[in-house]
Each structure stands twice: as C-alpha cells, then as structure tokens.
Amino acid sequence: MKIALTVNGERREADVWGGESLLFALREQLGLPGSKNACEQGECGSCSVLLDGELVCACLVLAAQADGHEVVTVEGLGTAETLHPVQEAFVEAGAVQCGFCTPGLVMATVRLLEHTPNPTDDEIREALSGNLCRCTGYQKILDAVRAAAQP
Ligand code: FES
Ligand code: FES
C-alpha cells in the first residue's frame, strides 16, 4: 500500500506492506538510518521518534499507521555542522559512547524539554525510562539533560 507522510518537514511517500514497521520504512525506504534498530520489541527506545509530537517506538508503529501523519526523526533536529542544543549537551557531557542509544535518548529528551523545560531529576528519569544504554551508566546522560534544560 502507498502511504504519504510528513517526515522532518518534508512530504514523503512510500510503498509498504501491511506488517511493515515505521522504523523499517524510515531506515530502509526513506533513507533515514538515524533511528536505530536494536530490539524491535519496544524494549530499548533506540528507535524513538516523534509521531504527531508524541514519543513512540518506531518499531512498534506500523508504517501504515503513520499515513497522513507527521514524523520527526533525529535527522530532523540538527546537522553535523549545527547540532541541536540537546545533541550539543550530550556531546559536551560525554554522554555518547558507542552512540547506539543516543538518537533515541535525544528524541526522548527533546520531547521532555518541550513539555517540561525545567524537569526535576525524577521527571528526567521517568521520561528516559524507556531508553536503555549499555555503556554510560546513565549519569552522564542525566548531566546532559540537566545541561540542555539550562542552556
Ligand atoms: S528497536 Fe524499537 S524499542 Fe528497541
Ligand atoms: S552509549 Fe552505547 S548504548 Fe548508550
């Protein structure tokens, strides 16, 4: 089936099969590999994107469900030359090691700060609770979110 959606501000079209995930369509059809595929079960958050402004695991959303909707991926935030302030904060805080979890954590942080500009530590932990990181021990990630909240 054909779908048409807005991705990072651009209208895009794709031909997907009924069971295809939004994550697969983004990565394999639309040329946007920033959202990572780690568990494909909604457990790790590495595939997090915004769908109509809400944080979702793209591996759990059918591509067909995104038809007519608006998606923002990590590619829509900043560029290699001009990072988004949240990306900048992750780099500055040393919150990026292997980087596999980073796009999802950045998306979750962007969503948090849009709605809660000055989050408490508990609010940060809650907002990022769906995003797993095997490298950092999370402390530097918390530092990054705190820094991004107070630029
Ligand atoms: S790949 Fe989607 S939650 Fe892990
Ligand atoms: S930096 Fe490696 S999984 Fe988070």
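Values as computed for the structure displayed
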item: Region 94-106, residues that are out of contact with any Cys (no Cβ under 9 Å at 6 or more places or on another chain) and either over 18 Å from Arg134 (Cβ atoms) or part of a helix (DSSP H, G or I) (or both); result: Val106
item: Residues within region 128-151 that are within 16 Å of ligand 2 (Cβ to nearest atom) and either part of a loop (DSSP other than H, G, I, E, B) or within 14 Å of the chain's Cα centre (by Cα) (or both), tallied; result: 11
item: Single residue of Ala58, Ala127, Ala93, Ala66 found to be on the phi < 0 side of the Ramachandran plot and touching a Pro at 6+ places or on another chain (Cβ under 8 Å); result: Ala127
item: Tally, over region 117-127, of residues that are loosely packed, with under 14 Cβ neighbours inside 10 Å and in a loop (DSSP other than H, G, I, E, B); result: 3
item: Tally, over region 1-49, of residues that are closer than 18 Å to Thr109 by Cβ and either crowded, with 22+ Cβ neighbours inside 10 Å or hydroxyl-bearing (Ser, Thr, Tyr) (or both); result: 8
item: Boolean, Val91 is away from ligand 1 (no atom under 16 Å from the Cβ), outside any loop (DSSP other than H, G, I, E, B) and surrounded by fewer than 15 Cβ atoms within 10 Å (Cβ to Cβ); result: yes
item: Boolean, Leu83 is in a helix (DSSP H, G or I), crowded, with 16+ Cβ neighbours inside 10 Å and modelled with pLDDT of 95 or more; result: no
item: Number of positions in region 29-80 that are touching an Asp or Glu at 6+ places or on another chain (Cβ under 6 Å) and within 15 Å of ligand 1 (Cβ to nearest atom); result: 4
item: Positions within region 34-65 being among the aliphatic types (A, V, I, L, M) and either outside any loop (DSSP other than H, G, I, E, B) or under 18 Å from Gly9 (Cβ atoms) (or both), in sequence order; result: Val49, Leu50, Leu51, Leu55, Val56, Ala58, Leu62, Ala63, Ala64
item: Unique residue being farther than 19 Å from Asn131 by Cβ, more than 16 Å from ligand 2 (Cβ to nearest atom), in a loop (DSSP other than H, G, I, E, B) and free of Cβ contacts under 8 Å to residues at least 12 places away in the same chain when the list is Gly31, Gly68, Gly78, Gly18; result: Gly31
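The values are calculated or read from the model by the stated rules, or taken from the named source; none is laboratory data. The model shown is predicted, which means the values in this text are computed figures rather than measured ones. All Cβ positions, glycine included, derive from the backbone under ideal geometry; neighbour counts span all protein chains shown.
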